[in-house]
1. So with the 1.4 Å probe, I'd like the accessible area per residue for region 47-92, rounded to whole Å².
2. Starting from the 7 Å offset along Cα-to-Cβ, what nm value, one decimal, do you get for the label separation of Ala61 and Ala141?
3. DSSP loop (so not H, G, I, E, B), at most 16 other Cβ within 10 Å: list which chymotrypsin sites (Phe, Trp or Tyr not before Pro) in region 133-170 pass both filters.
4. Within region 15-123, list the GluC sites (Glu not before Pro) lying in a DSSP loop whose Cβ has at most 16 other Cβ atoms in a 10 Å radius.
5. In nm, what is the difference between 0.36 nm times the number of residues separating Gln159 and Glu119 and their Cα-Cα distance?
Amino acid sequence: MSLISNITGMSRSLRVLARLLSYPNAALRADLADMRAAIQSEQAVTRSRQAELFMLMNNIAKGDSLQIEADYVELFDRGHATSLHLFEHVHGDSRDRGPAMIDLTQTYEKAGLFLAEGELPDYLPVVLEYASTQPPQEARAFLGEMTHILNAIFSALQQRNTAYASVIGALIELSGEKAQAVAVVADEALDASWEEPEVFGGCSVKGQGKPDQPQPIHFVKTNAASARASATTAEGAPL
């Protein structure tokens, strides 16, 4: 996203938090010292949160890069509860998600911000880049609208005992709200929701009372499976 704005107030802190939530590649690791200095100079984040953020930065800087990257993918890309795509928590896969994406993109464009190819408007680092261009009062109000989502992500990250929870906690506090644990509904991993159902269970006789009885087949309900089932039914329907 290209930015056309001066970064003032808590803007630098928002940009740093956006970077910390991004994929921890070599470019991010190279910027960690500057990111730390920006947090310290602006003093928008509380001292206790700063200490937590600096610990995360140190872990990223000194840890095994491949493991750090793998842990990030496992944390943010393999489950709904910790997804950084905000509309995943609000609209899921419903039809409402498309119009919401369009509205948010238009909000960015009115502010002079344009998404790069492949960027989605509801991705939290992108959302924070936009917030960083707004005056502090407007930025706090904007973040305040998503506090319920942020608290859900914060709680899910706390349950996983990860330092990334401190990043979300700092965001909530910048909005003027309190970071607090809320109930998190356990969900299946994103990969699991796309798994093919096991057709015959490896020809198992589990659940079959007698050899001459029909073998029950248990279908796994997934969106992909449902779509394929509908297509098959339509193709086999009599004319």
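The values are calculated or read from the model by the stated rules, or taken from the named source; none is laboratory data. Model, not experiment: these values are computed from the prediction. Every residue, glycine as well, gets a Cβ built from its backbone with ideal geometry; the counts of neighbours run over all protein chains shown. To get the accessible areas, we keep the full protein, side chains included, count just its heavy atoms, and leave off ligands, DNA and RNA. Shrake-Rupley method; radii C 1.70, N 1.55, O 1.52, S 1.80 Å.
1. That works out to 51 Å² per residue.
2. 3.8 nm
3. On the way: sites: Phe142, Phe154, Tyr164; in loops: none.
Here no loop site has a sparse enough neighbourhood.
4. Values: sites: Glu42, Glu52, Glu69, Glu74, Glu88, Glu109, Glu117, Glu119; in loops: Glu117, Glu119.
Answer in residue order: Glu117, Glu119.
5. Numbers: separation 40, 0.36 × 40 = 14.40 nm, distance 2.83 nm.
Extra length from Gln159 to Glu119 when fully extended: 11.6 nm.
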